[in-house]
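*Asks:* Just dropping this structure here.
Values in this text are rule-based calculations from the coordinates and carry no lab data. Everything numeric here is computed off the predicted structure, so don't read it as measured data. For neighbour counting, all protein chains shown are included, and Cβ atoms are generated from backbone atoms with ideal geometry for every residue, glycine included.
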Amino acid sequence: MFKNYGTCSSVTGHRNLLTPESIKMLGDNGVEYIEISALQTLHFDIHNIRHLESVGRALRKSKLKVWSVHAPFTPFAMEDRPTREEGIELAVETCRLVKYFDFDKIVLHPGSDSLAGDRKRELKNLKDSLKKLVKRTGKMKLALETMGHYTAGTAAELLEVIKEHDPGKVGACVDTGHTALVEDVPLAIQKLKGRIFTVHIQDNDGKKDLHQLPFTGIIDWQKVKNALLESGYDGVFMYECGLAGAAPKEILRQMRLRYKKIIGL
């Protein structure tokens, strides 16, 4: 079974600064594991040392465990070489956050910031970038996220990229919502069996990336649960979603209730 459920820190607002108060609120409302989201600098800036130190102190005082850190956008597949190199540097800098709090994996968007023009070329760029990154990140695990329509967004394409690397070093982050836009989620999970490092749990209507709570869209959550367990995944059931118009505490309450429903409690 899974370790427990968890949530991305962006549940407090991806454009709201992650503060000691919000960290305490998460712990006080039953959250055990979090993913620190660094996609938006307004929420978490990997270059703001004062903020990093503040977050580190708050985490040490809290009940929370950092399961993963979501790196800023890393354009590994872009045609422009300097842009790809910049992405590699951002990922390396994200790994260095272990100076402030403990974690063992980073989540990475593997493609570009637009739909692929030359998908074959972008896959080659991604593979080349990943080889360079692996050499510079020590024991840190690299979890490449399924991004749906984007380069390496499907399970088959992502597996093509990660299979060249040590399965203990490079794996997948299955984003259920992104995956549901392009393929059957349980089947995608089966394809990535043995390579799943983490998940992003969210639901949608099969047309738009809505980041909704489970049971609000088209995904069959019992089949997803079974597929994850059969794949060998026993990590955190990590939510990356919200509830329109709801306060963070209500979203957290709904996460807890829906997790219990999914695992059969």
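*Asks:* Order these by the 10 Å Cβ neighbour count, fewest first: Ser68, Ser129.
*Replies:* Starting with the residue having the fewest Cβ neighbours, the order is Ser129, Ser68.
*Asks:* While we're here: Could you put Phe44, Phe73 in order, starting from the residue whose Cβ has the fewest other Cβ atoms within 10 Å?
*Replies:* Arranged by neighbour count, lowest to highest, Phe44, Phe73 become Phe73, Phe44.
*Asks:* Moving on. Need the C-alpha centroid separation for the range 64-121 versus the range 213-250, integer Å.
*Replies:* Cα centroid to Cα centroid, the span is 23 Å.
*Asks:* Determine the dipole magnitude for the chain: charges of +1 sit on the beta-carbon of Lys and Arg, -1 on that of Asp and Glu, nothing else is charged, the reference point is the Cα centre, and the result goes in debye to the nearest 20.
*Replies:* Using only the charged Cβ atoms, the result is roughly 800 debye.
*Asks:* How large is the Kirkwood hydrodynamic radius of the range 24-74, in angstrom, based on all distinct alpha carbon pairs?
*Replies:* In the range 24-74 this quantity evaluates to 11.6 Å.
*Asks:* Calculate one ³J(HN,Hα) per residue across the range 188-199 by plugging θ = phi - 60° into the Karplus curve 6.51 cos²θ - 1.76 cosθ + 1.60, and present them in order as whole Hz with x for glycine and proline.
*Replies:* 5, 4, 4, 4, 9, 3, x, 10, 8, 8, 6, 9
*Asks:* If you take the alpha carbon radius of gyration of the range 139-198 and divide it by 2.2 N^0.38 Å, what ratio comes out, to two decimals?
*Replies:* In units of the globular-protein estimate, the range 139-198 measures up at 1.00.
*Asks:* Apply the Karplus parameterisation 6.51 cos²θ - 1.76 cosθ + 1.60, with θ equal to phi minus 60°, to every residue of the range 140-149 and state each ³J(HN,Hα) to the nearest whole Hz, in sequence, with x for glycine and proline.
*Replies:* 5, 7, 10, 10, 8, 7, 5, 10, x, 6
*Asks:* Let me ask something additional. How high is the FRET efficiency between Thr19 and Leu229 when r is their beta carbon distance and R₀ equals 41 Å, given to the nearest 0.05?
*Replies:* With a Förster radius of 41 Å, E is 0.70.
*Asks:* Which is the longest run of the chain containing none of the GluC sites (Glu not before Pro) found in DSSP loop states (not H, G, I, E, B) with at most 15 other C-beta atoms within 10 Å?
*Replies:* Longest gap between qualifying sites, sites excluded: 165-265.
*Asks:* Please list, in chain and number order, the residues 5+ apart from Val236 or on another chain whose amide H is under 5 Å from its amide H, with Hs placed from the backbone.
*Replies:* Lys3
*Asks:* Under Stokes-Einstein, with the Kirkwood radius over Cα pairs standing in for Rh, what whole-number D in µm²/s applies to the range 60-192 at 25 °C and 0.890 mPa s?
*Replies:* The estimated diffusion coefficient comes to 164 µm²/s.
*Asks:* Also, quick follow-up: Per the Kirkwood formula on distinct C-alpha pairs, the Rh of the range 132-265 is how many angstrom?
*Replies:* Taking the inverse mean of 1/r over all distinct Cα pairs, the range 132-265 comes out at 15.2 Å.
*Asks:* Next question. Please enumerate, by chain and number, the aspartates and glutamates with C-alpha under 18 Å from the C-alpha of Lys120, excluding those fewer than 8 residues away in the same chain.
*Replies:* Glu79, Asp80, Asp128, Glu157, Glu160, Glu164
*Asks:* While we're on this one: Mind listing the long-range amide H neighbours of Gly217? Cut-off is under 5 Å, sequence gap 5 or more, other chains count too, H placed in the peptide plane at 1.01 Å from N.
*Replies:* Asn204
*Asks:* From the phi of every residue in the range 202-207, what ³J(HN,Hα) in whole Hz does the Karplus formula 6.51 cos²θ - 1.76 cosθ + 1.60 yield, where θ is phi - 60° and glycine or proline is x?
*Replies:* For the range 202-207, the Karplus-derived couplings read 7, 10, 7, 8, x, 10 Hz, x marking Gly and Pro.
*Asks:* For the residues Trp67, Trp221, what sequence is obtained by ranking on other C-beta atoms within 10 Å, fewest first?
*Replies:* Trp221, Trp67
*Asks:* Per residue and in cubic angstrom, what volume does the convex hull of the Cα atoms of the range 70-139 have?
*Replies:* Hull volume over Cα atoms, normalised by residue count, gives 77 Å³.
*Asks:* Shifting gears a bit: First check a/c for the range 5-263, with a ≥ b ≥ c the square roots of the eigenvalues of its C-alpha gyration tensor; if it is under 1.5, answer rounded, and if not, answer prolate when a/b is larger than b/c or oblate otherwise.
*Replies:* oblate
*Asks:* Follow-up. For n ≥ 4 DSSP H runs only, could you compute -39500 (n - 2.57) per run for the chain, divide by its residues and tell me the 222 nm figure to the nearest 500?
*Replies:* -11500 deg cm²/dmol
*Asks:* Using R₀ = 35 Å, calculate the FRET efficiency as 1/(1 + (r/R₀)^6) where r is the Cβ-Cβ separation of Lys99 and Asp28; round to 0.05.
*Replies:* FRET efficiency, Lys99 to Asp28: 0.85.
*Asks:* Do you know the relative contact order of the chain, to the nearest whole percent, from alpha carbon pairs under 8 angstrom that are 6+ apart?
*Replies:* Normalised by residue count, the contact order of the chain is 18 percent.
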